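See structure below.
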Amino acid sequence: MCGIVGFTGNNEAAPILLDGLSKLEYRGYDSAGIAVRNGDAEPEIVKAKGKLKVLKEKTNDGNAVKGTCGIGHTRWATHGEPSKTNAHPHCSDDENVIAVHNGIIENYQELREKLMKKGYTFKSQTDTEVAVKLIDYYYKKYLGTPVDALNHALVRIRGSYALAVMFKDYPGEIYAARKDSPMIIGVTGGESYLASDVPAILKYTRNVYYIGNLELAKLTNGEVTFYNLDGEEIQKEMKTIDWDAEAAEKSGYEHFMLKEIHEQPKVVKDTINFVLKDGNISFESLTDEEMQNIQQVYIIACGSAYHVGMDAQYVLEKLTSLSVRVELASEFRYREMRLAKNSIAIIISQSGETADSLAALRLCKEKGVKTIGIVNVVGSSIAREADNVFYTLAGPEISVATTKAYSCQLVAAYLLAMQFAKARREITDERFAELIAEINTIPEKIEKILEDKERL
């Protein structure tokens with residue numbers, strides 16, 4: 001659950017990087033680090049094992065590290081023990097390339113051996129250092145641009161990655177690349193930000209781009225250019241995050257989980273009202289005719305979302321004649337299973353970036369199965385790639401133990417089941433109206449339970 005932040009602009013980078021990393025502490029980590037550049041001066045890399053406060057103390061809350069361009073990282077150990085040496089950022093031997101990375105590089109041992117034959121040495125046990133030196137190797141071999149170097153390196157990497165990279169020859173610029181690990185880019189007022197999750201940059205901007213799978217980006221002061229793996233420029237649409245900065249703060253609660261428990265009445269009501277208009281449920285891109293033709297439903301998810309799927313199975317089977325199967329995403333894509341014709345796959349994921357769920361979605365699409373995503377993050381990979389999407393309006397969920405996102409997924413699944421039943425004429429209009437009336441009482445009932453709990 002590593003965290004990435006990046007900034008380039010007119011302000012001092014280090015305090016912004018540390019602030020962004022503090023918003024990602026909920027993800028869990030064992031070490032942290034930043035790399036900052038001040039124009040053409042040599043970059044300064046500061047890393048520390050332990051909590052972010054150790055890094056803050058080493059940098060005087062960032063004030064001791066000067067420069068307007070930088071990247072930061074909180075690491076959860078995968079390859080190599082928790083240590084200052086294994087902490088990110090990592091750099092090439094001459095600090096020509098500096099990078100932070102989320103994800104797993106599956107063929108890092110093979111790449112490491114090849115790079116050692118080319119004269120590279122390694123200080124850490126991480127797969128990230130391998131990626132950094134692979135990028136450096138291709139940058140120097142072909143004497144090309146950072147985009148060229150990244151393209152040559154990334155086609156040789158197997159696994160997942162979200163990379164933020166700085167090159168010595170390109171001060172003030174950050175390069176980003178992504179495959180199966182989330183990354184968001186924000187711009188405002190001549191400044192650019194990147195992060196692995198929205199809360200890290202929400203304080204600064206709500207104008208964002210979602211970098212797609214197997215895409216690259218170049219960040220300069222307030223501008224972003226996107227590329228595909230052939231190095232060709234591509235156009236991206238800017239999105240606006242509806243959450244405000246306050247939504248990602250504790251708002252006076254002792255901890256995030258308590259805050260999010262008490263947000264349930266509002267967010268459940270918002271999710272219901274998102275599709276319920278004048279007593280009718282409307283899904284813009286999933287028509288009644290399509291629902292009538294469905295014979296088999298696959299519900300695919302991981303973790304808590306899988307348990308939502310189990311509950312949804314009972315509701316769908318009770319209200320309709322549909323055959324329903326609930327599948328763990330981590331197992332689904334490895335099964336040699338024939339998918340039924342006239343079927344639909346419901347992919348449930350809070351983040352919309354769950355790797356196994358995303359892979360299952362792509363497998364379903366390859367086999368011609370219609371897909372719908374129940375996700376919370378607008379513009380996330382599952383939301384973009386699914387044929388249809390039902391957004392749960394839970395806002396940012398910081399607590400690792402899910403509360404409000406789980407409740408919103410449940411109510412979304414119930415609404416979907418109700419509309420399937422109505423579209424297929426398997427319940428009467430009177431029964432449908434009763435269910436609508438009942439589901440509208442849920443936010444008030446949750447609120448009453450919370451109030452009663454507070455009085456105990």
Is it true that Leu194 is outside any loop (DSSP other than H, G, I, E, B) and in contact with a Gly (Cβ under 9 Å, 6 or more places away or on another chain)? yes
Could you check Glu215 against (1) touching a residue at least 60 places away in the same chain (Cβ under 8 Å); (2) out of contact with any Pro (no Cβ under 8 Å at 6 or more places or on another chain); (3) not small (Gly, Ala, Ser) and say which number it fails? (1)
What number of residues within region 394-428 satisfy the criterion of being over 16 Å from the mean Cα position of the chain (by Cα), in a loop (DSSP other than H, G, I, E, B), among the aliphatic types (A, V, I, L, M) and closer than 21 Å to Glu284 by Cβ? 0
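This table checks each residue for (1) among the hydroxyl-bearing types (Ser, Thr, Tyr); (2) closer than 20 Å to Ala412 by Cβ.
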residue: Met337; (1), (2): no, no
residue: Gly352; (1), (2): no, yes
residue: Leu363; (1), (2): no, no
residue: Ile372; (1), (2): no, yes
residue: Val378; (1), (2): no, yes
residue: Ser381; (1), (2): yes, yes
residue: Asn388; (1), (2): no, yes
residue: Ala394; (1), (2): no, yes
Counting only residues in region 251-297 that are part of a strand (DSSP E or B) and modelled with pLDDT of 95 or more, the one surrounded by the fewest Cβ atoms within 10 Å (Cβ to Cβ) is identified as Gln296
Contact list please: Cβ distance under 6 Å, first residue in region 64-83 and within 20 Å of Ser192 (Cβ to Cβ), second residue polar (S, T, N, Q) and open to solvent by 20 Å² or more (accessible area, probe 1.4 Å), pairs at least six apart or on different chains. Lys66/Asn38; Gly67/Asn38
Residue list for region 429-440, filter: closer than 21 Å to Thr271 by Cα, more than 32 Å from the chain's Cα centre (by Cα) and not small (Gly, Ala, Ser): Phe432, Glu434, Leu435, Ile436, Glu438
Scanning region 381-402 residue by residue, the ones that are within 15 Å of Ala329 (Cβ to Cβ) and not hydrophobic (A, V, I, L, M, F, W, C) total 2
Step by step: first the residues of region 17-43, then only those that are among the polar types (S, T, N, Q) and within 25 Å of Asp93 (Cβ to Cβ), then the one that is least open to solvent (accessible area, probe 1.4 Å). Which residue is that? Ser31
For region 425-440, pairs from a residue that is closer than 14 Å to Tyr414 by Cβ to a residue that is of a type in the set (D, E, K, R), with Cβ under 6 Å and 6 or more apart or across chains, are Phe432/Lys422
Looking only at region 377-400, decide whether some residue is surrounded by 17 or more Cβ atoms within 10 Å (Cβ to Cβ) and more than 21 Å from Thr271 (Cβ to Cβ). yes
What tally of residues in region 345-362 results from selecting those that are crowded, with 24+ Cβ neighbours inside 10 Å and of a type in the set (Gly, Ala, Ser)? 5
Check off (1) touching an Asp or Glu at 6+ places or on another chain (Cβ under 9 Å); (2) at pLDDT below 90 for Val65 and give me the number that stays unchecked. (2)
What are the residues in region 47-61 that are of a type in the set (Val, Ile, Thr) and either within 21 Å of the chain's Cα centre (by Cα) or open to solvent by 20 Å² or more (accessible area, probe 1.4 Å) (or both), if any? Val54
Considering residues that are of a type in the set (Val, Ile, Thr) and exposed (fewer than 14 other Cβ atoms within 10 Å of the Cβ), the number found within region 422-456 is 3
Using beta carbons and a limit of 8 Å, which pairs, at least six apart or on different chains, have the first residue in region 134-146 and in contact (Cβ under 8 Å) with a residue 40 or more places away in the chain and the second one open to solvent by 10 Å² or more (accessible area, probe 1.4 Å) and assigned to a helix (DSSP H, G or I)? Tyr139/Asp148; Pro146/Tyr139
Within region 362-373, which residues are free of Cβ contacts under 8 Å to residues at least 60 places away in the same chain and either in a strand (DSSP E or B) or among the aliphatic types (A, V, I, L, M) (or both)? Leu363, Thr371, Gly373
Cβ contacts < 6 Å: first residue over 18 Å from Ala359 (Cβ atoms), restricted to region 153-170; second residue of a type in the set (Ser, Thr, Tyr), any location; separation 6+ or different chain. Result? Ala153/Tyr138; Val165/Tyr175
Failed criterion for Ala359 (all others in (1) closer than 20 Å to Val275 by Cβ; (2) in a helix (DSSP H, G or I); (3) in contact with a helix residue (DSSP H, G or I) (Cβ under 8 Å, 6 or more places away or on another chain); (4) modelled with pLDDT under 95 hold): (1)
Mind listing just one residue for me: the one in region 335-356 that is modelled with pLDDT of 95 or more and not hydroxyl-bearing (Ser, Thr, Tyr) and, of those, nearest to Ile241 (Cα to Cα)? Ile348
Any idea which of Ile346, Ile300 is in a strand (DSSP E or B), touching a helix residue (DSSP H, G or I) at 6+ places or on another chain (Cβ under 8 Å), closer than 19 Å to Ala423 by Cβ and of a type outside the set (Phe, Trp, Tyr)? Ile346
Testing Ala14 on (1) in contact with a strand residue (DSSP E or B) (Cβ under 6 Å, 6 or more places away or on another chain); (2) open to solvent by 20 Å² or more (accessible area, probe 1.4 Å), one condition comes back false. Which one is that? (2)
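The values are calculated or read from the model by the stated rules, or taken from the named source; none is laboratory data. All figures in this text were calculated on a predicted structure; none of them were measured in a lab. Methodologically, a virtual Cβ is constructed for each residue, glycine included, from the backbone with ideal geometry; neighbour enumeration extends over all protein chains shown. Please note that ligands, DNA and RNA were not included when accessible areas were found on the heavy atoms of the full protein model with its side chains. Shrake-Rupley method; radii C 1.70, N 1.55, O 1.52, S 1.80 Å.
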